[in-house]
Amino acid sequence: MYFAREYEGWLAKNEKDIYGRKQVKIPTPGFYVFYNGEDPMPERREYHLMDAFEHPATGYEWTAYLININAGNNIKLMKQCEPLFGYSKLIDYIRENQRNGCSIENAVRSAIDQCIDENILKSYL
């Protein structure tokens, strides 16, 4: 659904008519899922749309790439994308605060303060 809405917006923005006689060229999609859950997960994993179908059929194969953004994962990516690194640190600090007995509200407030003190996501927070 998200994919369709994105293309719908792109088509409107670029004034493309998909109901005409000529084929309309569209941008090639890339599907990525950022994972920051607490269950163990590899740094990267592929998911195939075909695996989600109740009755698989040929011709519908798309691949989505899961990227684990938990602290300590995908170091190269984190070095290249400061906001993603900052988000990862923020979540890590929140979880650490909760493990130390803080309520979620206090864990978040404390993590935000810590990130600001360390100049992490400062312009966002």
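No value in this document is a laboratory result; all are computed from the given coordinates. The model shown is predicted, which means the values in this text are computed figures rather than measured ones. Note that we place each Cβ from the backbone using ideal geometry, even for glycine, and neighbour counts take in every protein chain shown.
List the equivalent ellipsoid semi-axes of the stretch 1-65 in whole Å, largest first, each obtained as the square root of 5λ for an eigenvalue λ of the Cα gyration tensor.
On the way: eigenvalues 178, 57, 18 Å².
In descending order, the three semi-axes are 30, 17, 9 Å.
Mind telling me which of Asp113, Asp17, Asp39 comes out most flexible in a GNM of the chain, alpha-carbon contacts under 10 Å?
Asp17
Quickly work out the Lys16-to-Phe3 label distance, labels modelled 7 Å from Cα along the C-beta direction, and quote it in nm with one decimal.
Reported label-point gap for Phe3 and Lys16 is 1.5 nm.
For the chain, set up a Gaussian network in which alpha carbons nearer than 10 Å are linked by springs, and say which option among Gln114, Gln80, Gln23 fluctuates the most.
Gln23
Within the chain, how many lysine pairs that are 8 or more places apart, or on different chains, have C-alpha atoms less than 28 Å apart? If you can, show how the numbers build up before the last one.
Details: Lys13/Lys22; Lys13/Lys25; Lys16/Lys25; Lys76/Lys89; Lys76/Lys122; Lys79/Lys89; Lys79/Lys122; Lys89/Lys122.
The result is 8.
What fraction of the DSSP beta bridges in the chain is antiparallel, stated in percent and rounded to the nearest 5?
On the way: 5 of 10 bridges.
Of the beta bridges lying entirely in the chain, close to 50 percent run antiparallel.
If you build a Gaussian network model of the chain, linking Cα atoms that sit under 10 Å apart, which residue out of Ile94, Ile67, Ile26 swings the most?
Ile26
Just how far, in whole angstrom, is the stretch 82-125 from the stretch 1-57 if you go by their alpha carbon centroids?
Here the answer is 31 Å between Cα centres.
For the stretch 1-59, run through the GluC sites (Glu not before Pro) and keep only the ones in DSSP coil with at most 12 other Cβ atoms within 10 Å of their Cβ. List each step's numbers first, then the result.
Working: sites: Glu6, Glu8, Glu15, Glu38, Glu43, Glu46, Glu54; in loops: Glu15, Glu38, Glu43, Glu54.
Taking the stretch 1-59 and a limit of 12 other Cβ atoms within 10 Å, the loop GluC sites (Glu not before Pro) found are Glu15, Glu38, Glu54.
For the chain, what's the relative contact order in percent, using C-alpha pairs closer than 8 Å and at least 6 residues apart? Write out the running numbers ahead of the final one.
On the way: 110 pairs, mean separation 20.8, N = 125.
For the chain, the relative contact order is 17 percent.
What is the gain in length, in nm to one decimal, between Asp92 and Gln114 on full extension, counting 0.36 nm per residue of separation less the C-alpha to C-alpha distance?
On the way: separation 22, 0.36 × 22 = 7.92 nm, distance 1.13 nm.
Answer, rounded to one decimal: 6.8 nm.
Checking a compactness column here: for the chain, what do you get for Rg(Cα) / (2.2 N^0.38 Å), N being the number of residues?
Details: Rg = 20.0 Å, N = 125, 2.2 N^0.38 = 13.8 Å.
That ratio works out to 1.45.
What do you get when you divide the Cα radius of gyration of the stretch 62-104 by 2.2 N^0.38 Å, with N the number of residues?
On the way: Rg = 12.8 Å, N = 43, 2.2 N^0.38 = 9.2 Å.
Ratio of Cα Rg to 2.2 N^0.38 Å: 1.39.
Find, among the chymotrypsin sites (Phe, Trp or Tyr not before Pro) in the stretch 1-103, those assigned to loop by DSSP (not H, G, I, E, B) with at most 15 other beta-carbon atoms within 10 angstrom.
Working: sites: Tyr2, Phe3, Tyr7, Trp10, Tyr19, Phe31, Tyr32, Phe34, Tyr35, Tyr47, Phe53, Tyr60, Trp62, Tyr65, Phe85, Tyr87, Tyr93; in loops: Tyr19, Phe53, Tyr60, Trp62.
For chymotrypsin sites (Phe, Trp or Tyr not before Pro) across the stretch 1-103 that sit outside H, G, I, E and B with at most 15 neighbouring Cβ atoms in 10 Å, the list reads Tyr19, Phe53, Tyr60, Trp62.
Could you list the square roots of 5 times each eigenvalue of the Cα gyration tensor of the stretch 29-86, that is, the equivalent ellipsoid semi-axes, sorted largest first and rounded to whole Å?
Details: eigenvalues 152, 32, 11 Å².
That gives 28, 13, 8 Å for the three semi-axes.
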